[in-house]
Amino acid sequence: PTAAYVHLPFCKRRCHYCDFPIVALGESSSNAGSTMESYVDLVCQEIAAERSPSRGALQTVFFGGGTPSLIPIPLLQRIIQALEAKHGFSRDAPMEISMEMDPGTFSRDYLTEAIQSCGINRVSLGVQAFDDDLLKLCGRSHCLDDVFQSIEWIKDSLQNWSLDLISSLPHHTLASWRKSLEQAIAASPAHVSIYDLQIEQGTKFGNLYKPGMDPLPSDDDSAEFFKLGSSMLREAGYDHYEISNYARKGFQCRHNLVYWKNQGYYAYGLGSTSFVDGKRVKRSKRMREYAKFVEALAAGSPVLPESLEGSRTEAVLPESVEDRILDTVMLALRLAEGIDLRRFEAEFGSELAGILCDGLAEFVASGNVVFLDASRECTAERAGAVYGRLTDPNGFLVSNEIISRLFCLV
């Protein structure tokens with residue numbers, strides 16, 4: 001792997017839609033500093049105890065959360081130093097070091113120091129809505145004034161930054177959604193992520209609302225939000241390169257592309273999942289159990305495939321061929337570039353490539369999947385000849401926004 005994810009779980013409070021593993025500190029927690037320091041100690045121990053040998057220097061690092069911008073700069077520096085000491089940082093290509101930041105949780109000086117002393121060169125700003133009422137409804141700790149102030153500071157410091165929005169919120173209307181899109185475009189980020197609200201069990205929204213019922217938008221309304229976001233952002237010069245993500249030329253998120261291309265990556269921290277040597281390792285979402293896992297890892301104890309809820313603190317999930325195929329197809333169909341059947345055949349064999357074509361045949365016939373040649377030209381006139389078998393030596397790419405969406409939902 002040449003990518004590493006680090007989970008920094010601290011937040012002021014839990015948002016009403018969030019089911020991520022977080023530690024809510026409150027608005028002014030007196031022991032926040034010591035709590036964060038103890039956690040960073042664990043993360044650095046886990047990095048140092050990484051058992052998979054590094055085969056190449058890291059090219060991307062992503063700090064996710066939680067709210068990473070609550071972490072003091074010296075602690076962030078410690079993690080950066082631990083990653084570089086363990087894996088090395090690429091010298092052949094520019095590093096991408098991304099950090100999620102929430103409005104109202106950082107200052108201009110903090111941002112400047114993060115860039116200068118930690119090498120942060122990409123920021124993902126969690127705006128979620130350009131509407132104070134919706135922000136309050138979601139339990140966000142920031143307001144619209146915080147959003148505009150944060151955007152100003154980031155634009156003064158970085159070219160490579162992303163803006164996050166959530167669609168299909170309770171009481172969301174097409175008019176208010178259009179307004180948020182207009183303001184996002186006016187802010188002119190290099191990248192935009194739009195996430196359709198998911199109602200998760202155990203969250204405040206999960207207790208209040210049922211999917212598809214008022215005041216949530218209907219499925220048809222949500223589809224309209226998706227279509228409006230795609231059309232407005234594409235018209236504004238953003239490439240809709242992944243179901244939820246849009247980027248100006250040259251600003252796709254390199255780290256997230258590792259996930260969508262089903263490539264390996266390290267992961268560290270509470271509740272994170274790594275994918276190394278064909279195994280996905282899930283860390284516990286409970287801090288005490290995560291600490292036990294790090295302690296066992298540092299002591300050299302064997303990692304066993306036990307349940308997260310059992311006596312062990314983690315789960316190791318070796319991927320079968322079937323799992324790898326399903327992951328490869330599902331993730332590739334999230335991307336606008338679709339499935340490269342030449343690569344698929346090289347990895348899984350011509351028989352399975354043929355089975356995949358068989359499975360897609362009805363969608364080709366309905367026009368929801370398009371076969372493209374190596375130059376990405378449509379080869380619909382030849383599609384009938386390749387329903388069952390991969391016969392063209394140049395291979396095909398399969399790509400379509402509609403079937404990507406349907407496949408993801410299924």
Exercise. Just from its helices, what would the mean residue ellipticity at 222 nm be for the chain, if runs of 4 or more DSSP H residues each count -39500 (n - 2.57) and the sum is divided by every residue, rounded to the nearest 500 deg cm²/dmol?
Worked result: -12500 deg cm²/dmol
Problem set entry | Residues residue 282 and residue 336, FRET efficiency given R0 of 41 Å [Cβ-Cβ distance, rounded to 0.05] | 0.90
For this session: Pick out which of 100, 113, 242 has the largest mean-square fluctuation in a Gaussian network model of the chain, springs linking Cα atoms closer than 10 Å.
Result: 113
For this session: Taking only Cα atoms and a 10 Å spring cutoff, compute GNM fluctuations for the chain and point out the largest among 266, 290, 110.
Result: 110
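Please work out how much length the chain gains when fully extended from residue 355 to residue 92, using 0.36 nm per residue of separation minus the C-alpha to C-alpha distance, in nm with one decimal. Intermediate values should be presented prior to the final figure.
Details: separation 263, 0.36 × 263 = 94.68 nm, distance 3.91 nm.
Full extension from residue 355 to residue 92 adds 90.8 nm.
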For this session: Among 287, 213, 101, determine the one that fluctuates most according to a GNM of the chain built with springs between C-alpha atoms less than 10 Å apart.
Result: 213
Problem set entry | Test item: Cα-centred dipole of the chain, Lys/Arg +1 and Asp/Glu -1 on Cβ, debye | 760 debye
For this session: Find the percent of Cα-Cα distances in segment 97-209 that exceed 23 Å, and round it to a whole number.
Result: 30 percent
For this session: Obtain the nm distance between the two label points defined at residue 132 and residue 37 by a simple spin-label model: each point lies 7 Å from its Cα along the Cα-to-C-beta direction.
Result: 3.9 nm
Exercise. How many Å² of accessible area per residue for the chain, probe 1.4 Å?
Worked result: 46 Å²
Seminar exercise, completed: Filtering GluC sites (Glu not before Pro) in segment 144-234 by DSSP loop and by at most 15 other Cβ atoms within 10 Å leaves 200
Problem set entry | Hull shadow area, averaged, the chain [alpha-carbon convex hull, nm²] | 20.8 nm²
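With the full set of protein chains in place, find how many percent of the accessible area of segment 194-291 is carbon and sulfur; take the probe as 1.4 Å.
Whole-percent figure for carbon plus sulfur exposure: 46.
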Exercise. Which of the trypsin sites (Lys or Arg not before Pro) found in segment 203-280 are loop residues per DSSP with 16 or fewer other Cβ atoms within 10 Å of their Cβ?
Worked result: 249, 261
For this session: Starting from the Cα of residue 152, step 7 Å along the direction of its Cβ; do the same at residue 196; then give the gap between the two resulting points in nm.
Result: 3.7 nm
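The values are calculated or read from the model by the stated rules, or taken from the named source; none is laboratory data. Source: prediction; values computed, not measured. Positions of Cβ are backbone-derived with ideal geometry, glycine not excepted, and every protein chain shown enters the neighbour counts. Please note that ligands, DNA and RNA were not included when accessible areas were found on the heavy atoms of the full protein model with its side chains. Shrake-Rupley method; radii C 1.70, N 1.55, O 1.52, S 1.80 Å.
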